[in-house]
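The values are calculated or read from the model by the stated rules, or taken from the named source; none is laboratory data. Here the structure is a predicted model, which is why all the values come from computation and not from measurement. Cβ atoms come from the backbone with ideal geometry, glycine included; neighbour counts cover every protein chain shown. Ligands, DNA and RNA are excluded from the accessible area calculation, which covers all protein heavy atoms including side chains. Shrake-Rupley method; radii C 1.70, N 1.55, O 1.52, S 1.80 Å.
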Amino acid sequence: MKRYIPNALTLLNLFCGCIAVIFAVNNNFVTAALFVFLGIFFDFFDGFAARKLNVQSELGVQLDSLADMVTSGLVPGIFIYKLLQLAGPSWQETIDGIGYNRTIGFEFSNPEFYFVIPLLGLAITLSSAYRLAKFNIDTEQQNYFKGLPTPANTLLIVSLPLIMEFQNSDLINSIILNQWFLIGLTVFSCWILNSKIKLFALKFKNWSFKDNATRYIFILLCIVLLIVLKFAAIPLIILLYIIMSILDNITSK
């Protein structure tokens, strides 16, 4: 019976991802983000459960990637697609709260923007699929990752509408809804997902501070940033994760 527990958690991840897709395509970013967080929570604990119960299997590995493809591949692509639509110059908007009430009128003076430019967001979905496929056949990524893991990249993307909704800063909102910022973020995400940069994994073989100093410091800084900056801390945490990993690689050499 216990061998079914990890796969059940993985399927819950997939279920949350499917619900997140439904809310995201309807511009309900806040609820979509909530289900993404739940999905990533289940994604973390399915592998943890498999190791603790000693029931790892090839089926579980493949199922995990398939679930991640939805929750951490399709969903962030849709988020950028929808944000690029909102950022487009051919839209006239009256915003009454991100993800809840939005009245949008259309101008078709630039129809190519509406039909083509937002589709660039789906490049994140394609890059996520490529990364997950590489991860499944790479035997080296046991204690570290090559490139940014798809859940981390997803947290970066889904945090944007949450920052707009809850931080309530005109400056930050204008940056997030800038089409060039979103296109640049898309290019960065596609690159970092499949880069060869080694990033540390939050897997503790023991509780020694000496052996896990980078992990402990990172977790402590994450807690402080989240308390102080709330959702605005998430992009900084992802950037901190990349920088600390690079520094850790340099010092280890």
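Quick look at the values:
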quantity	calculated
Angle in degrees between helix 179-193 and the longest Cα principal axis of the chain, rounded to the nearest 10	20 degrees
Selection from Ala213, Pro6, Leu132, by position along the positive dipole direction of the chain (Cβ)	Ala213
Tilt relative to the chain, helix 58-69 - C-alpha long axis, 0 to 90 degrees, to 10	20 degrees
Solvent-accessible area, 1.4 Å probe, carbon plus sulfur percent, for the chain	69 percent
Rounded D (µm²/s) - region 111-253, Kirkwood Rh over Cα pairs, Stokes-Einstein at 20 °C, 1.002 mPa s	128 µm²/s
Length released on extending from Trp207 to Lys52, taking residue separation times 0.36 nm less the Cα-Cα span	54.2 nm
Taking all pairs of distinct alpha-carbon atoms in region 127-172, Kirkwood radius in angstrom	12.7 Å
Options Val30, Phe79, Leu53, ranked by Cα towards positive dipole end of the chain, top entry (Cβ charges)	Leu53
Kirkwood hydrodynamic radius (C-alpha pairs) into Stokes-Einstein, the chain, 10 °C and 1.306 mPa s, D in µm²/s	83 µm²/s
Å² per residue, accessible surface of the chain at 1.4 Å	54 Å²
Dipole in debye (nearest 20) - the chain, about Cα centre, beta carbon charges: Lys, Arg +1; Asp, Glu -1	1020 debye
Mean separation of Cα contacts under 8 Å (6+ apart) over length of the chain, as relative contact order %	19 percent
